[in-house]
Every structure is written in structure tokens, then in C-alpha cells.
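K.L.:
One structure follows; several queries about it will come next.
The values are calculated or read from the model by the stated rules, or taken from the named source; none is laboratory data. Keep in mind the model is a prediction, meaning the values are calculated, not measured. Every residue, glycine among them, receives a Cβ derived from its backbone with ideal geometry; neighbour counts consider all protein chains shown. Heavy atoms of the whole protein, side chains included, go into the accessibility calculation; ligands, DNA and RNA do not. Shrake-Rupley method; radii C 1.70, N 1.55, O 1.52, S 1.80 Å.
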Amino acid sequence: MNWTFVIAYYNEAAYLGETLASLAAQTLKPFRLILVDNGSTDASATIARAAVLPDVEVLHLSEPRAGKIFALESAMPHLSTAFVAFGDADTFYPPDYLATAARNYAAPDIVAVMATDVPSDPAAAWRKRHHNRIASWLWPKQTHTGGFGQTFRTAPFLAAGGYAERHWSYVLMDHEIMQRVVKQGRVVYPFDLWCIPSDRRTDRTRVRWTLPERLLYHFTPWFAKDWYFYRFLGPRLNARKLGHLNLREKTWQQ
């Protein structure tokens with residue numbers, strides 16, 4: 001068994017079943033699936049434990065500390081396979097998702113293979129994949145995807161510190177982790193690796209950076225990216241109270 005797939009969830013009963021069904025249909029098997037319940041009060045945990053996933057070794061964890069970063073951190077001691085994927089509970093993964101990721105680790109210096117998030121419309125999906133291919137070529141040491149579509153070689157991922165609140169306690173944790181991982185080796189964005197997150201979060205005010213912050217991220221040279229994250233962006237997010245707990249807010253239900 002070479003792969004582990006990690007999903008942390010909080011009150012995802014409306015989406016989790018379909019996400020798990022897409023993982024059950026993966027062509028690359030066997031693999032281990034770690035499901036971390038982060039204090040759900042709906043039927044999410046029941047759905048997770050009732051899911052039928054042939055040839056998948058499922059480990060159920062419960063993390064009482066509120067926050068996705070704590071849920072992901074609780075999975076770190078259980079990563080023992082050569083590769084690890086992180087996904088979201090509201091995302092569809094095509095049947096060849098893991099197989100495609102595995103195929104793209106052919107070169108030993110590749111430490112991360114990242115997926116592109118696409119809409120369900122095929123034409124729009126092609127455009128997004130094409131955009132990411134160009135962007136990742138122009139900025140190979142920057143992040144062009146979110147936590148729904150990250151895969152890593154486990155050893156360099158853990159050597160970089162993995163997901164841990166002590167490293168970063170704000171939103172954009174999926175970007176900060178890549179700032180540490182990219183120091184371990186090469187990151188690639190294959191055109192044929194993609195997934196479809198739900199489009200429920202239309203208001204991202206409480207979970208994202210500003211346009212000037214994004215532009216500065218793109219144009220800060222790689223050798224100054226530590227300054228950008230830990231001396232510039234982190235204090236600004238802290239001042240705006242954009243901590244990791246904001247990711248638990250389900251504004252689409254209000």
C-alpha cells in the first residue's frame with residue numbers, strides 16, 4: 001500500500017457521501033483513507049462510518065479541538081505510506097485521480113503533485129486546467145491550488161513540518177504549507193490531474209487575502225517568500241482576525 005488519503009470534515013452531511021463514493025471508485029487500490037471528524041453536530045460521522053469502500057483501509061479519527069488545522073495535525077502521526085493526498089469533504093475526485101497523481105511522481109526530485117480545481121462545465125474546466133499549466137510554468141515555486149487537491153511524497157512533506165498549528169494559525173494554510181514543502185524539491189501541476197469542489201462558498205471575504213496581498217505574493221521573489229508569509233501576510237491576517245477557525249463558517253447556510 002503506497003497511498004494515504006486524508007479528509008477532515010465538520011458538518012458535511014450534505015456532501016460527504018458523494019465525496020466518499022468518488023474515492024470508493026478509485027482505480028488505484030488499495031489505499032488508506034483517514035477521515036477526521038472535527039466535532040460535527042450533524043450526520044457526517046454516521047455517513048463516514050457507514051460508507052462502503054472496497055479495498056480501502058479506513059481509519060476514523062476524532063479531533064475535539066475546533067479548526068481544520070488541528071484536524072489535519074491529528075492525522076500526521078498516522079502517515080506511514082510513501083505518498084499522501086489531502087482532499088476536502090465537498091469535492092468530487094475522478095476515478096483515475098490517485099492513479100494520475102502516482103504516475104506523475106516518476107522523477108525522484110518531485111515532492112508534490114497538485115490538482116487543478118475545475119467547474120463541472122467541460123469547456124470551462126479545460127480553460128482552468130490550461131490556465132494552471134501556464135501559471136505553474138511561470139511561477140513554479142508558488143501555489144496554484146487549494147487544500148482540496150494536494151498530494152505529496154510523505155517523507156519530504158513531514159520533513160517540512162506537515163500541517164501544524166504552530167507553523168500557521170490563519171486562513172491560507174494550503175499556501176503556507178507549500179512555502180515549506182517547495183524547499184524540499186520540485187512541485188508539478190499535471191494537466192490531467194483535476195477535481196471538482198463544490199461552488200457553495202460564493203462569499204470568500206472571511207477566508208481569503210486581498211488583491212494587493214495576492215499580487216505581492218506573485219511578484220515577491222522566491223528567496224523572499226518567508227518574509228512575505230511570516231513577516232508580512234501573517235500579521236496582516238491576524239490584524240483582520242482571519243484565523244483558521246473562519247474556515248468552519250458556513251456562510252452559504254445563513
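K.L.:
Out of the residues in the stretch 1-43 meeting the condition of being in contact with a helix residue (DSSP H, G or I) (Cβ under 6 Å, 6 or more places away or on another chain) and of a type in the set (A, V, I, L, M), tell me which one is farthest from A66 (Cα to Cα).
P.N.:
Taking the candidates together, the pick is L28.
K.L.:
A further question follows. Working only within the stretch 78-105, note down all residues that are open to solvent by 10 Å² or more (accessible area, probe 1.4 Å) and among the aliphatic types (A, V, I, L, M).
P.N.:
L79, A82, A99, A102
K.L.:
OK, next. Give me a count of the residues in the stretch 111-151 that are acidic (D, E) and either surrounded by 22 or more Cβ atoms within 10 Å (Cβ to Cβ) or not in a loop (DSSP other than H, G, I, E, B) (or both). Step through it out loud before you land on a result.
P.N.:
Of the residues in the stretch 111-151, the ones acidic (D, E) are 117, 121.
So of that shortlist, the ones also either surrounded by 22 or more Cβ atoms within 10 Å (Cβ to Cβ) or not in a loop (DSSP other than H, G, I, E, B) (or both) come out as 117.
Here the count works out to 1.
K.L.:
Looking at the stretch 196-210, I want the residues that are closer than 19 Å to T116 by Cβ and modelled with pLDDT of 65 or more and have a partner that is part of a loop (DSSP other than H, G, I, E, B) and open to solvent by 40 Å² or more (accessible area, probe 1.4 Å) with Cβ atoms under 8 Å, at least 6 apart or on another chain. Which pairs are those?
P.N.:
These pairs meet every condition: I196/P119; I196/S120; S198/Y15; D199/P119.
K.L.:
Residues of the stretch 52-63 being farther than 19 Å from E249 by Cβ, of a type outside the set (S, T, Y) and modelled with pLDDT of 95 or more, which ones? Walk me through how you get there before you give the answer.
P.N.:
Within the stretch 52-63, the subset farther than 19 Å from E249 by Cβ is 52-62.
If we keep only those that are of a type outside the set (S, T, Y) as well, we get 52-61.
Once the filter is applied, which keeps residues that are farther than 19 Å from E249 by Cβ, of a type outside the set (S, T, Y) and modelled with pLDDT of 95 or more, the stretch 52-63 yields L53, P54, D55, V56, E57, V58, L59, H60, L61.
K.L.:
Here's something else I'd like to know. In a loop (DSSP other than H, G, I, E, B) and either under 18 Å from H175 (Cα atoms) or open to solvent by 10 Å² or more (accessible area, probe 1.4 Å) (or both): does that describe P108?
P.N.:
Yes, satisfied.
K.L.:
Read through the list (1) open to solvent by less than 60 Å² (accessible area, probe 1.4 Å); (2) in contact (Cβ under 8 Å) with a residue 60 or more places away in the chain, then give the number of the only condition that Y15 fails.
P.N.:
Unmet for Y15, out of (1) open to solvent by less than 60 Å² (accessible area, probe 1.4 Å); (2) in contact (Cβ under 8 Å) with a residue 60 or more places away in the chain: (1).
K.L.:
Still on this structure: Only one of these is closer than 13 Å to T154 by Cα, touching a helix residue (DSSP H, G or I) at 6+ places or on another chain (Cβ under 6 Å), of a type in the set (A, V, I, L, M, F, W, C) and at pLDDT 95 or above: V113, V118. Name it. Steps first, answer last, please.
P.N.:
Numbers: V118 fails: closer than 13 Å to T154 by Cα.
Among V113, V118, only V113 is closer than 13 Å to T154 by Cα, touching a helix residue (DSSP H, G or I) at 6+ places or on another chain (Cβ under 6 Å), of a type in the set (A, V, I, L, M, F, W, C) and at pLDDT 95 or above.
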